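The values are calculated or read from the model by the stated rules, or taken from the named source; none is laboratory data. The model shown is predicted, which means the values in this text are computed figures rather than measured ones. Every residue, glycine among them, receives a Cβ derived from its backbone with ideal geometry; neighbour counts consider all protein chains shown. Surface areas here come from the heavy atoms of the whole protein model, side chains and all, with no ligands, DNA or RNA. Shrake-Rupley method; radii C 1.70, N 1.55, O 1.52, S 1.80 Å.
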Amino acid sequence: MTNNSQNRSRPALVIVDDEADVADFIQDVASGIGFDVAVYNDGNTFERGYEQCGASVIILDLNLPGHDGIELLRFLGERACQAKIIVTSGSDSRTIASAQALGKQHKLDILQKPLAKPFLIEDIEKALKPLIGHTGGISGADIRNAIRNDELIVLYQPKVDLLSDNGSRLAGVEALVRWRRPGHGMVPPDMFIPIAQREGLMTELTNVVVEQSIAAARAWKDDGLGFTVSINLDGALFDDLTLPDRMHARAQSVGVPTQMLTLEVTESAAMADPDATMDILTRLRVKGFNLSMDDFGTGYSSLVQLYRLPFNELKIDKSFVMDIGNNAEAEIIVETLICLGQKLGIKICAEGIENQAMLDFVRKCGCHLGQGYLFSKPVEQSLISNLAHRFSHDGAWEGGKSTPMPQAGISPRSSQNI
Ligand code: C2E
Ligand code: MG
Ligand code: MG
């Protein structure tokens, strides 16, 4: 093992790879970006050094002498490892995808994009640069204070109706939390939600998001904009059988019909305790809430379970949508899920539409809803009415054929949109 981790002030990257030249290559690039790097060339040595290495990011090769990458995922899962994990391998894409799914099943934070060998410098930079801020410095107490000091805010990202007769129409928005952290700028959810989950703070955090989103829904309703507002619900909330009554009471007290609200639940959260979840989801649905299965395709669920749970929307995970044009398997999955939704009478939303080719593909397959940077990044509440009116006044937003929807740089306050 090579390790320069003494007196660390930079984020720690651990590379577990038996190919010395590959490990050196990643180490050079990562050190240049600002990581403090440790390298292990086999699984057993990594296991012995794990407690000391303090990794915030791990690049894990699947094919290793001694304990292989799959065994190491199990090892890390048993230790509730909080590091971000990038899987790397020379194996085919389906094998890598299975390993990633297994890692998620172990409740590990597996990054969606693997480093498939062979890779280029740009690939390593692209994977690691967004993680440079993942230094772990955020504690549960920091998040508790953030909630108390009103530092959490909600941005909204349009969900677009792709099948309406007169072109695209704003069908709804998804509420996405951000932390306006003094001295640190806008912190994205991936950097603090895993900590809030670990510290048991998801109920408190969700309360803030629900309050702000329902208030925004009421304001849009008063403006004559009757679209749905989607709120993400963490799996931890499904421990509490009073959730449907509390959500219903909250919506009623603000004067928002439950039909205007969609609750997004990830596949893994919905499957964690199917019986309790079915009770809660069914009562939410009976009370009129829309239910959306989020990130579909990234967890484990059988079609039978999907059919038994009362979802009326399914969101295809962006990792598939963003591979349209590059990966034939991803295209088959997207097309099949859209077809499945049509047959089951469930609305399908394609998440992560970034370009016209992706939009054309999902629309050709008959996808109902689309969400992605091509339409708009998440923006502040005040910008949404503008977007909605632009849809109705321009008749339609048709990708490159008309004025594009605003991106993150649209408003004078755009630096606040991330
Ligand atoms: P999600 O619920 O699947 O939300 C969609 C994520 O995809 C958002 O990231 C959105 O900005 C991003 N996205 C949408 N279109 C595109 C695109 O075209 N390209 C790319 N690259 N990304 C796109 P965001 O806001 O960073 O949120 C990440 C995740 O954090 C969410 O994934 C959700 O799981 C979680 N999250 C955010 N807010 C909340 C919340 O209030 N409660 C809970 N429980 N989770 C939340
Ligand atoms: Mg969501
Ligand atoms: Mg999603």
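Applying a threshold of 7 Å to beta carbon distances and a minimum spacing of six or more residues, or different chains, the list of pairs starting in the stretch 171-187 at a residue that is hydrophobic (A, V, I, L, M, F, W, C) and ending at one that is part of a loop (DSSP other than H, G, I, E, B) and more than 11 Å from ligand 1 (Cβ to nearest atom) reads Ala171/Phe227; Val173/Phe227; Trp179/Glu151. So, of the residues in the stretch 359-382 that are open to solvent by 10 Å² or more (accessible area, probe 1.4 Å) and free of Cβ contacts under 8 Å to residues at least 60 places away in the same chain, which turns out to be farthest from Asn326 (Cα to Cα)? Ranking the candidates gives Ser382 first. Entry remark, the stretch 301-326: residues being within 21 Å of the chain's Cα centre (by Cα), open to solvent by 30 Å² or more (accessible area, probe 1.4 Å) and among the basic types (Lys, Arg) number 1 in total.
Is there a residue being among the aromatic types (Phe, Trp, Tyr), out of contact with any helix residue (DSSP H, G or I) (no Cβ under 6 Å at 6 or more places or on another chain) and under 20 Å from Leu233 (Cα atoms) anywhere in the stretch 309-324?
Yes.
Under the condition of being in a strand (DSSP E or B), more than 20 Å from the chain's Cα centre (by Cα) and not β-branched (Val, Ile, Thr), the residues counted in the stretch 87-140 number 2.
Within the stretch 194-212, residues that are more than 18 Å from Leu263 (Cβ to Cβ) sit with their Cβ atoms under 7 Å from residues that are open to solvent by less than 80 Å² (accessible area, probe 1.4 Å) and of a type in the set (Asp, Glu), at 6+ positions apart or across chains, in these pairs: Pro194/Asp109. Take the residues in the stretch 221-235 that are within 16 Å of Ala171 (Cβ to Cβ) and within 27 Å of the chain's Cα centre (by Cα), then tell me which one is farthest from ligand 1 (Cβ to nearest atom). So, considering only residues that are within 16 Å of Ala171 (Cβ to Cβ) and within 27 Å of the chain's Cα centre (by Cα), the one farthest from ligand 1 (Cβ to nearest atom) is Gly226.
Yes/no per residue for (1) on the phi < 0 side of the Ramachandran plot; (2) more than 8 Å from ligand 1 (Cβ to nearest atom); (3) over 15 Å from the mean Cα position of the chain (by Cα); (4) open to solvent by 10 Å² or more (accessible area, probe 1.4 Å):
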position: Val160; (1), (2), (3), (4): yes, yes, yes, no
position: Arg178; (1), (2), (3), (4): yes, no, no, yes
position: Gly185; (1), (2), (3), (4): no, yes, yes, yes
position: Phe192; (1), (2), (3), (4): yes, yes, no, no
position: Glu199; (1), (2), (3), (4): yes, yes, yes, yes
position: Asn207; (1), (2), (3), (4): yes, yes, yes, yes
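For the stretch 162-176, the candidate set comprises residues that are open to solvent by 30 Å² or more (accessible area, probe 1.4 Å) and in contact with a Gly (Cβ under 8 Å, 6 or more places away or on another chain); within that set, the residue that is nearest to Glu351 (Cα to Cα) is Leu163. Could you check, for the stretch 327-345, whether at least one of its residues is over 18 Å from the mean Cα position of the chain (by Cα), assigned to a loop (DSSP other than H, G, I, E, B) and either within 16 Å of ligand 2 (Cβ to nearest atom) or crowded, with 16+ Cβ neighbours inside 10 Å (or both)? No, there is no match, as no residue in the stretch 327-345 is over 18 Å from the mean Cα position of the chain (by Cα), assigned to a loop (DSSP other than H, G, I, E, B) and either within 16 Å of ligand 2 (Cβ to nearest atom) or crowded, with 16+ Cβ neighbours inside 10 Å (or both). Could you say which residue among Ala350, Ala330 is within 16 Å of ligand 3 (Cβ to nearest atom) and within 14 Å of Val160 (Cβ to Cβ)? Testing whether each residue is within 16 Å of ligand 3 (Cβ to nearest atom) and within 14 Å of Val160 (Cβ to Cβ) leaves just Ala350.
Selection of the stretch 277-300 for residues being open to solvent by 30 Å² or more (accessible area, probe 1.4 Å), of a type outside the set (Asp, Glu) and more than 16 Å from ligand 1 (Cβ to nearest atom) yields Met278, Thr282, Arg283, Arg285, Val286, Lys287, Tyr300.
Every residue in the stretch 255-276 that is more than 15 Å from ligand 1 (Cβ to nearest atom) and open to solvent by less than 50 Å² (accessible area, probe 1.4 Å), please.
Just the residues of the stretch 255-276 that are more than 15 Å from ligand 1 (Cβ to nearest atom), to begin with: 255-260, 271, 273-276.
Correct list: Gly255, Val256, Thr258, Met260, Met271, Pro274, Ala276.
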